[in-house]
Structure formats: structure tokens, C-alpha cells
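The values are calculated or read from the model by the stated rules, or taken from the named source; none is laboratory data. Keep in mind that this is a model prediction, so the values were computed, not measured. Cβ placement follows ideal geometry from the backbone for every residue including glycine, while neighbour counts extend to all protein chains displayed.
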Ligand SMILES: Cc1cc2nc3c(=O)[nH]c(=O)nc-3n(C[C@H](O)[C@H](O)[C@H](O)COP(=O)(O)OP(=O)(O)OC[C@H]3O[C@@H](n4cnc5c(N)ncnc54)[C@H](O)[C@@H]3O)c2cc1C
Ligand code: FES
């Protein structure tokens, strides 16, 4: 099996990496703090430079690399598989040493249940315990799709090996097209995880704010469930945003059903300026609803965000204007 030697400013470490796994997955499995965010070739935070050996990229055109990166022989650890022993130059960061090392598991697709017009609750079971921190994600491999896609778990860790996801259908999308149109309940699925840094921090008594846009509901549900289950004393505020009432109302109902009694506040907003007559939530971007309700208190919260990049950027800007420290805000943008 190829050996990967990582040279960083602080230290030199090495690990073995199978021909069929990425450098990022193998490094994290070996307990090494390789920086990353999306695991899917878009954010660029897992860049490294190849100084010896040969790698193969499962997505050579990945947007996480600029043309300058390519000229400098840089690659993405989440997309690179080894063809031989390699020496690479990469920044290491102890914060990325995984609390739970990711594992590759064989699973079975148990259910695909529509929740909104384009989001389904997808349940996969594995014959190992579902070990993850609330807010983390797993890489889902589906036969026929060349590369896995990341999806955040919406349930909480459990010994029964149940992994629940909220997956949005992407028009023309490869994996979601196959999942919504072709995948049969009972089909084999491979899961690799857990990954992700936007997981619930256990800080007793600090209030928790979760803001979800669309399928960003998944990790927010996991975090909200864990707060509700583990700590009756942490005030829990959840906000859900989306385009129209048909996109948002079913998600609000799910939050209410799974952690209703523990919710201090459940807010909702739609960006569609002419919602249906029965809509009782706010109209406008979700970060404005959060700001109107919490404003000066925001500094007291641990904040979790998941949703489209524009929503995340708007929330981050608003939180920064209210003096919320960056290390209290954890998010995944997709
Ligand atoms: C941390 C994180 C968590 C996420 N959680 C959720 C969630 O809970 N629910 C949800 O609905 N969505 C989630 N997403 C988005 C999701 O992973 C996919 O982007 C989306 O479902 C892609 O659908 P698709 O394959 O049908 O679309 P496609 O258009 O086929 O693929 C879109 C994405 O897949 C990747 N990709 C495309 N081609 C390749 C290739 N050749 N090799 C490697 N990668 C490729 C790229 O990231 C691309 O942006 C999350 C994304 C991230 C980064
Ligand atoms: S982790 Fe985002 S590009 Fe690799």
C-alpha cells in the first residue's frame, strides 16, 4: 500500500493510503490533522503540493483548484488517490485530528420519504454503530456515480447503525437523480464517515442558535435533537428559511415534532414576497428574522448554520456586526 509522507512547517508525518481511497480520508483515518471543509472538491482548504511520487485525481477539473494552483503542482487531498509512494507538502492543524476516525461501511438503503417538493428523508442502515458528532456529515457512495457526495446526518449517534439524511434533489444532478429516480429500497450503499467541523460543542448552559436554509435542515436537526435530548437546560432557538411556504412549512413541522417541548423559539421566513395566504411566518431573508428577534443577545449564543452560501454569508455578516466571536460560529455552506 502506498506510503504518504507529509512535510509541514511543524513536523513530518506519514501514513498508508489504499489505491482506492483519498489522501484526506486515509490521513484522517490515521489520526492526522489534515485541514478540510467540504470533502467534495469545491472549497480548496485541503490543497497540498506534490514534491515526489504520483497521484491520480478523481476530479481533475474540481473548482477548489485555481489555474495558479495547477501551475504550482497543487492538488486537493479530498480528490487525490495515490499511484505510488508520495511526499507532499501540506499544512497540518491539530484542530482537524478527528475525535471519531472516519470509517468505510457497507450499508443498505432503507427508505426514501418525501418531505417537501424536492427534499426527501433518506434512511441508510449499517451493521456497525452510527458513530458521529451531531452536525457532522458522511460521504455517500452510490453504484454508478463515480465520486461520493457529502450529506449531513439529521439524527443522533446510535448503536443500531441508523443514518438519517435530508437530501435535496438537484436538477440534472448525478447522485440525486439516481437516488430519486432509480435507487431501490434494499440497494447496497457505501458510507464513509464521519467528517466535518461544524459539530455541536458541549458547553453546558450556553444557549444554542441553529439557522437552516433548505436541506441545511439536516445538520441543524441533528444538533437540535442532541441539545433537546442531552441538556434540558440549554435554551434552543431554531430558524428555518427557504423560498416558499411549501419549502419551509414541512421542515418547521419536523423541527416542532422532534424537539417541540425543548424549543425556546422556532422561527421561519420565506424569501418569496407573495407567500400563500396561510403563511404565518416572516417574509424576507432568514438572517433578518434572527436579527430582529435576538439582536443584542446574539453574543451569548453558540451558533450553528447550514444552507446555501448566500445565506451563510448573510448570517456571518450579521453576526459579526453584533460582535459574535468567530470561534462561536460553526457552519457548512452547500
Ligand atoms: C459538508 C456538506 C454537507 C452537505 N449536506 C447536504 C445535505 O445534508 N443535504 C443535501 O441535500 N445536500 C448536502 N450537501 C450537498 C450535496 O453533497 C451535493 O452537492 C448535492 O446533493 C449534489 O447532488 P448531485 O450529485 O445530484 O449533483 P451534481 O451536480 O452531479 O454534483 C454536484 C457536486 O458533486 C461534486 N462533484 C461533481 N462531479 C464530481 C466528480 N466528477 N468528482 C467528484 N465530485 C464531483 C461536486 O461537489 C459538485 O458540486 C452537502 C455538501 C457539503 C459540502
Ligand atoms: S475539502 Fe474542500 S476541496 Fe477538499
Restricting attention to the stretch 119-134, which residues are in a loop (DSSP other than H, G, I, E, B) and either outside the structural domain of residue 189 (by TED's automatic domain parsing) or in contact with a strand residue (DSSP E or B) (Cβ under 6 Å, 6 or more places away or on another chain) (or both)?
-> 128, 132
Counting only residues in the stretch 48-88 that are buried (at least 20 other Cβ atoms within 10 Å of the Cβ) and part of a strand (DSSP E or B), the one nearest to ligand 1 (Cβ to nearest atom) is identified as 76
Please state which one of 60, 98 is within 17 Å of the chain's Cα centre (by Cα) and either within 15 Å of ligand 2 (Cβ to nearest atom) or closer than 16 Å to residue 197 by Cβ (or both).
-> 98
Pull up the stretch 67-107, narrow it to residues that are in contact with a strand residue (DSSP E or B) (Cβ under 9 Å, 6 or more places away or on another chain) and free of Cβ contacts under 8 Å to residues at least 24 places away in the same chain, then point me to the one that is farthest from residue 31 (Cα to Cα).
-> 68
Conditions (1) touching a residue at least 60 places away in the same chain (Cβ under 8 Å); (2) within 13 Å of ligand 2 (Cβ to nearest atom) -> residue 47 fails only (1)
From the set of residues in the stretch 17-47 that are away from ligand 1 (no atom under 16 Å from the Cβ) and exposed (fewer than 15 other Cβ atoms within 10 Å of the Cβ), which is farthest from residue 86 (Cα to Cα)?
-> 31
List, please: which pairs have Cβ atoms under 8 Å, are six or more places apart or on different chains, and start with a residue in the stretch 311-326 that is touching a residue at least 60 places away in the same chain (Cβ under 8 Å) and end with one that is in a loop (DSSP other than H, G, I, E, B) and surrounded by 12 or more Cβ atoms within 10 Å (Cβ to Cβ)?
-> 311/285
Can you name every residue in the stretch 141-188 that is in a loop (DSSP other than H, G, I, E, B), within 11 Å of ligand 1 (Cβ to nearest atom) and in contact (Cβ under 8 Å) with a residue 12 or more places away in the chain?
-> 142, 145, 146, 147, 148, 154, 169
Condition met for residue 157 (modelled with pLDDT of 95 or more and within 16 Å of ligand 2 (Cβ to nearest atom)) | no
Across the stretch 304-324, the tally of residues that are within 23 Å of residue 235 (Cα to Cα) and either out of contact with any strand residue (DSSP E or B) (no Cβ under 8 Å at 6 or more places or on another chain) or not assigned by TED's automatic domain parsing to the domain that holds residue 225 (or both) stands at 5
Looking only at residues in the stretch 237-246 that are under 22 Å from the mean Cα position of the chain (by Cα) and surrounded by fewer than 22 Cβ atoms within 10 Å (Cβ to Cβ), which one is nearest to residue 300 (Cα to Cα)?
-> 237
Out of 196, 214, 242, which single residue is more than 27 Å from residue 108 (Cα to Cα) and touching a helix residue (DSSP H, G or I) at 6+ places or on another chain (Cβ under 9 Å)?
-> 242
